[in-house]
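Right, one structure below, let's go through it.
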């Protein structure tokens, strides 16, 4: 008779002891137990270079949350909306995020759109930051806990008029990126010469030769006659995805293009709510949804968009050519979202000029370190990013004397306006 064998000692949870299942301490803020301390005391906004709009919310108990409501080229309009929101919200309980979101969205009669949703986004992100700090946990804990230990990210190459992409792709690889994105074309006519698309194919081939994958942002610059040609030309070169191959709102046209290519189609930076996203999901014409957390209602609405997209087997890749607060908030959603695939990162992006970049206002920049194409789990309470408030206030005062950022204007050889 053989002797009994020893039962296996391996326990599934042990294999994750140093990963997402590891224990995290909770250190609630002292004010969290004081009645009335969580009421909103102030709501402020700061336009800072290169083109970002930060939102600061402080509670009676002294907890500060930071948000970002950047709407590129429309900062003054968003600040006007934020002034109105601030007047309404002082005295409300910062912990009641969903009620505040619902009030701001539904009790205004006119709802949605880039300006109002961006203003709401800045406040919403700040409230999640406050709640995490009050309870002593990172925001992803409040969203159900982490489902991954790191988030995949990509960097930009090529600029507004794509050029010098080979050397820039090599530099990005050295920085730790495994994936990049670049604009597909410069300005293109409604019906242009087919040769206007040749350089796009050459650029993609050059970038892929470095050993990185590349997404191509059509940026809505191409209309149907050119978009379908370019998608066909790119097919053999297998880009990571094509982004905004047609303008927002063209759902049937996008569905037609979707049926003609195997390249993953991504879009969403100009969609601001679940209602905006819904037609694309129902039509089955996208593979990746790209809500911008600074435009799409902040963490609250972005999370809901992601949950809705999962039901359609659509991945989530937050659009984020913006500042450190929006990036941290996007990562927090990514850490807790099963269908998250990748996040945009503006470090070294072509819009970040004048010495202002993703890390300029951050006092703990190591949390955004890129390793093997990923950013590790943020573990500090709230958003996990610490900001230099003194610098933000000083820069906002300086930026107020300057013309705010506005996007370039593209015109064709006949003088007519083209899509940027």
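The values are calculated or read from the model by the stated rules, or taken from the named source; none is laboratory data. Because the structure is a prediction, the values reported are computed rather than measured. A quick note on method: Cβ atoms are made from the backbone with ideal geometry, for glycine too, and the neighbour counts reach across all protein chains shown.
One line per residue, one yes/no per condition, for (1) in a helix (DSSP H, G or I); (2) in contact with a helix residue (DSSP H, G or I) (Cβ under 9 Å, 6 or more places away or on another chain); (3) in the same structural domain as residue 319 (by TED's automatic domain parsing):
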position: 189; (1), (2), (3): no, yes, yes
position: 200; (1), (2), (3): yes, yes, yes
position: 205; (1), (2), (3): yes, yes, yes
position: 226; (1), (2), (3): yes, yes, yes
position: 240; (1), (2), (3): no, no, yes
position: 246; (1), (2), (3): no, yes, yes
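In segment 335-344 there is at least one residue matching the filter, namely being touching a strand residue (DSSP E or B) at 6+ places or on another chain (Cβ under 9 Å), within 25 Å of residue 78 (Cα to Cα) and either touching a residue at least 24 places away in the same chain (Cβ under 8 Å) or surrounded by fewer than 21 Cβ atoms within 10 Å (Cβ to Cβ) (or both).
Residues to consider are 138, 162; find the one that is in contact (Cβ under 8 Å) with a residue 12 or more places away in the chain, over 21 Å from residue 343 (Cβ atoms) and either in contact with a helix residue (DSSP H, G or I) (Cβ under 9 Å, 6 or more places away or on another chain) or surrounded by fewer than 17 Cβ atoms within 10 Å (Cβ to Cβ) (or both).
Selected residue: 162, the only one of 138, 162 that is in contact (Cβ under 8 Å) with a residue 12 or more places away in the chain, over 21 Å from residue 343 (Cβ atoms) and either in contact with a helix residue (DSSP H, G or I) (Cβ under 9 Å, 6 or more places away or on another chain) or surrounded by fewer than 17 Cβ atoms within 10 Å (Cβ to Cβ) (or both).
Yes/no matrix, rows are residues, columns are (1) touching a residue at least 60 places away in the same chain (Cβ under 8 Å); (2) closer than 27 Å to residue 285 by Cα; (3) in the same structural domain as residue 287 (by TED's automatic domain parsing):
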{"position": "303", "(1), (2), (3)": "yes, yes, yes"}
{"position": "315", "(1), (2), (3)": "no, yes, yes"}
{"position": "349", "(1), (2), (3)": "yes, no, yes"}
{"position": "353", "(1), (2), (3)": "yes, no, yes"}
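When residues in segment 6-22 are screened for being modelled with pLDDT under 75 and not in a helix (DSSP H, G or I), 8 of them pass. Filtering segment 218-263 to residues that are over 21 Å from residue 191 (Cβ atoms) and buried (at least 19 other Cβ atoms within 10 Å of the Cβ) leaves 239, 240, 241, 243, 258, 263. Check whether at least one residue in segment 280-291 is closer than 18 Å to residue 143 by Cα and either outside the structural domain of residue 48 (by TED's automatic domain parsing) or crowded, with 24+ Cβ neighbours inside 10 Å (or both), and report yes or no. Scanning segment 280-291 turns up at least one residue that is closer than 18 Å to residue 143 by Cα and either outside the structural domain of residue 48 (by TED's automatic domain parsing) or crowded, with 24+ Cβ neighbours inside 10 Å (or both). Can you pull out the residues in segment 207-224 that are on the phi > 0 side of the Ramachandran plot and touching a helix residue (DSSP H, G or I) at 6+ places or on another chain (Cβ under 9 Å)? The answer is 211, and nothing else. Checking the stated criteria, residue 104 turns out not to satisfy the condition of being surrounded by fewer than 24 Cβ atoms within 10 Å (Cβ to Cβ), in contact with a helix residue (DSSP H, G or I) (Cβ under 8 Å, 6 or more places away or on another chain), in contact (Cβ under 8 Å) with a residue 12 or more places away in the chain and within 22 Å of residue 331 (Cα to Cα).
Listed conditions (1) part of a helix (DSSP H, G or I); (2) surrounded by fewer than 15 Cβ atoms within 10 Å (Cβ to Cβ) are all met by residue 25, apart from (1). When the helices (runs of 4 or more DSSP H) confined to segment 262-353 are screened for residues that are out of contact with any helix residue (DSSP H, G or I) (no Cβ under 9 Å at 6 or more places or on another chain) and under 22 Å from residue 146 (Cβ atoms), those reaching at least 1 such residues are found at 298-310.
In this structure, residue 271 qualifies as surrounded by 24 or more Cβ atoms within 10 Å (Cβ to Cβ) and under 22 Å from residue 113 (Cα atoms).
In segment 376-409, what residues are assigned to a strand (DSSP E or B) and in contact with a helix residue (DSSP H, G or I) (Cβ under 6 Å, 6 or more places away or on another chain)?
Hit for segment 376-409 is 382, nothing else.
When each of 207, 180, 137, 147 is tested for being more than 19 Å from the chain's Cα centre (by Cα) and farther than 22 Å from residue 68 by Cβ, the lone residue that passes is 207. For segment 401-420, residues that are over 21 Å from the mean Cα position of the chain (by Cα) and under 20 Å from residue 324 (Cα atoms) total 1.
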